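In what follows, a structure is listed as structure tokens, so that the remarks can point back to it.
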Amino acid sequence: MPRLIQKIARLAALALLLLAAPALAEPPAIIDTHSHISNDARAPRGGPDFRRALDGAIGRMDRAGIRRMIVMPPPMESGRSTYEIESYRFAKEAYASRILPGGGGGSLNGMLQSAAPDAVTEDKKKAFRARAEEIVAAGAVVFGEIALHHMSLALMGPNHPYESTPGDHPLLLLLADIAAEKNLPIDVHLDAVPENMDLPGRPIFNRGNPSPLKENLAAFERLLAHNRGARIVWAHAGSDPLGTRTVALQRGLLARHPNLFMSLRLNAGGPPPGAALDADKRLRPFWLALLKEFPDRFVIGSDYFHAPAGAVERGPDEASLGNYRAALAQMPPELGEAIAHRNAERIYRIGN
């Protein structure tokens with residue numbers, strides 16, 4: 001009974017918060033710039049069941065107020081790629097007005113992870129560029145998801161990989177040049193390590209993560225500075241497994257690098273300062289201040305793994321998709337509209 005009373009109190013507090021928030025004429029339509037097909041969504045003959053998963057995604061989008069969604073492969077290790085943009089190109093015809101494809105997480109990321117930075121030959125660069133150009137030709141609106149530093153999390157299952165590669169890896173610098181040339185953004189996963197540190201003693205981590213962790217932001221800044229024409233979207237702002245992605249750290253990077261953008265993954269109840277929402281889905285004041293300071297640099301990226309109805313799901317649950325409308329309702333209308341869809345339309349060059 002006490003838990004029920006607490007839940008009712010939280011819902012009442014959220015209702016009062018939303019009533020007091022700046023009034024939008026109607027909830028802004030959302031563009032979700034970062035989502036996936038679940039690896040557990042298996043078709044009868046093996047491999048992910050893309051069509052049934054995307055059928056299910058349409059219903060979730062409607063319930064959450066998501067007008068359009070970008071689907072991309074998660075960052076797969078070399079030799080573990082189960083799908084790429086070609087595997088769900090049918091979505092371009094079947095769901096042309098709702099679903100847009102990204103590519104590279106199932107191929108470019110594997111090529112990157114398997115190549116030591118000091119052993120990148122001209123042949124490897126040539127193969128990497130050729131694959132990137134195939135992804136563009138297949139209709140991608142973004143290169144992603146590319147892992148610079150990717151923690152292995154228990155929530156995502158025991159096989160969730162740990163991946164690490166320096167931000168100034170020669171193939172990443174090449175990808176920045178290609179991205180600028182093709183006018184496509186790059187979506188990167190970077191669990192920030194501002195200085196060498198021990199792995200935090202939290203139960204969220206799988207055993208495959210190393211300790212200590214090596215500093216990785218200096219190389220990331222070299223990537224950002226390498227080609228200012230490359231738009232780089234740092235995924236998963238507003239959530240943080242390591243407790244290092246502070247508002248102050250992000251403010252500094254955004255100020256120094258005009259080609260840096262961030263997508264918001266809003267899980268409610270995470271610990272501050274990395275988490276943007278508290279347990280009552282209230283947007284923390286210091287996060288709202290950051291969004292107001294850089295209103296054209298943030299988009300929404302749920303990181304939701306879509307599976308067919310009844311299939312095993314992992315990652316954020318469907319209820320979390322409602323967090324975005326709750327957060328947008330707490331922003332000034334112009335800021336809410338920008339983060340909901342206008343910034344995405346500009347950064348990813350997609351129409352409304």
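Where a number appears in this text, it was derived from the coordinates with a stated rule and is not lab data. Since the model is a prediction, treat every value here as computed from it, not as a measurement. Positions of Cβ are backbone-derived with ideal geometry, glycine not excepted, and every protein chain shown enters the neighbour counts.
List of remarks:
- Value in Å of the Kirkwood radius, where the range 31-347 supplies the Cα pairs that are averaged: 19.6
- With 5 Å bins from 0: P(r) over the range 187-322, alpha-carbon pairs, percent: 2, 9, 17, 21, 20, 16, 10, 4, 1, 0
- The stretch between LYS92 and ALA29 holds 20.7 nm of extra length on full extension. This uses 0.36 nm per residue minus the Cα-Cα distance.
- Charge tally around ASN209: other residues with Cβ under 13 Å, Lys/Arg +1 each, Asp/Glu -1 each, net 0.
- Across the chain, Cα pairs under 8 Å and at least six residues apart give a relative contact order of 21 percent.
- Largest GNM mean-square fluctuation among ASP177, ASP118, ASP278, using the chain with Cα springs under 10 Å: ASP118.
- Per-pair calculated FRET efficiency, R0 = 35 Å: LYS182 and ARG202 via Cβ, rounded to 0.05: 0.35
- Take 148-157, 66-75 and order them by the average number of nearby Cβ atoms within 10 Å per residue, most first; the result is 66-75, 148-157.
- In sequence order, the range 60-68 has phi-based couplings of 5, 4, 4, 5, 9, x, 8, 7, 9 Hz under the Karplus curve 6.51 cos²θ - 1.76 cosθ + 1.60, θ = phi - 60°, and Gly or Pro positions carry x.
- Straight-distance crosslink candidates among lysines, where the alpha carbon sits under 22 Å from LYS124 and sequence neighbours closer than 8 are dropped: LYS182
- Computed lengthening from ASP296 to SER114, 0.36 nm per intervening residue step minus Cα-Cα distance: 62.0 nm
- Phi to ³J(HN,Hα) by Karplus 6.51 cos²θ - 1.76 cosθ + 1.60 over the range 166-180, Hz, x for Gly, Pro: x, x, 9, 4, x, 6, 5, 4, 5, 5, 4, 5, 5, 4, 5
- Loop-located chymotrypsin sites (Phe, Trp or Tyr not before Pro) in the range 272-352 (DSSP state not H, G, I, E or B) with no more than 16 neighbouring Cβ atoms inside 10 Å do not occur.
- Within straight-line cross-link reach of LYS292, lysines at Cα separation under 20 Å, skipping those fewer than 8 residues along the same chain: LYS281
- Net length available on complete extension from GLU215 to ASP62 is 51.0 nm, with 0.36 nm assigned per residue and the Cα-Cα distance removed.
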